[in-house]
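Below: one structure, written as structure tokens.
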Amino acid sequence: VQLQGSGGGLVQAGGSLRLSCAASGSIFTIDSMGWYRQAPGKQRELVSTISGGRTNYADSAKGRFTISRDNAKNTVHLQMNSLRPEDTAVYYCYARRNAANYWGQGTQVTVSS
């Protein structure tokens, strides 16, 4: 499974960004997809995942971020609204297939105050 993330950038606090992750390769048995993030000096943490029709969000993302999956395009989107400076991090696309984890290359999100 290969993952290509896109959509990061620089935005002011309160603004919005939309991240996208396109999967290719052996995608037919992907169990879940989503996003993690890693801020400088911190561990990588869950942002949101989607599996079938079920979504999961970190507490920090609830009410502000929305994850969706386009099965026809093998793509997952993360709409991020009301961004805060503490959302600044490298965001990594994630997929899980047959008990193995796959990661994209990361996309930088910077939120200025």
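Annotations for the structure displayed:
- Taking the criterion of being touching a residue at least 24 places away in the same chain (Cβ under 8 Å) and hydrophobic (A, V, I, L, M, F, W, C), the residues of the range 88-99 that qualify are Ala89, Val90, Cys93, Ala95.
- Output for the range 1-46, where each listed residue is of a type in the set (S, T, N, Q), closer than 24 Å to Asp70 by Cα and open to solvent by 40 Å² or more (accessible area, probe 1.4 Å): Gln2, Gln4, Ser6, Ser16, Ser24, Ser26, Thr29
- Hits in the range 54-113 - residues which are of a type in the set (Phe, Trp, Tyr) and within 16 Å of Ser6 (Cβ to Cβ): Tyr91, Tyr92, Tyr94, Trp103
- Of the residues making up the range 69-113, those that are open to solvent by less than 60 Å² (accessible area, probe 1.4 Å) and part of a helix (DSSP H, G or I) are Pro85, Asp87.
- Residue within the range 56-65 that is surrounded by 15 or more Cβ atoms within 10 Å (Cβ to Cβ), of a type outside the set (Val, Ile, Thr) and in contact with a Gly (Cβ under 7 Å, 6 or more places away or on another chain) present: no
Condition check ((1) assigned to a loop (DSSP other than H, G, I, E, B); (2) at pLDDT below 95; (3) of a type in the set (Lys, Arg)) across all residues:
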{"residue": "Gln4", "(1), (2), (3)": "no, yes, no"}
{"residue": "Val11", "(1), (2), (3)": "no, no, no"}
{"residue": "Ile27", "(1), (2), (3)": "yes, yes, no"}
{"residue": "Met33", "(1), (2), (3)": "no, yes, no"}
{"residue": "Tyr36", "(1), (2), (3)": "no, no, no"}
{"residue": "Val47", "(1), (2), (3)": "no, no, no"}
{"residue": "Ala61", "(1), (2), (3)": "yes, no, no"}
{"residue": "Ile67", "(1), (2), (3)": "no, no, no"}
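The values are calculated or read from the model by the stated rules, or taken from the named source; none is laboratory data. Keep in mind that this is a model prediction, so the values were computed, not measured. So basically every Cβ, Gly included, is an ideal-geometry build from the backbone, and we count neighbours across all protein chains shown. Side chains are part of the model used for accessible areas, which takes the heavy atoms of the whole protein and leaves out ligands, DNA and RNA. Shrake-Rupley method; radii C 1.70, N 1.55, O 1.52, S 1.80 Å.
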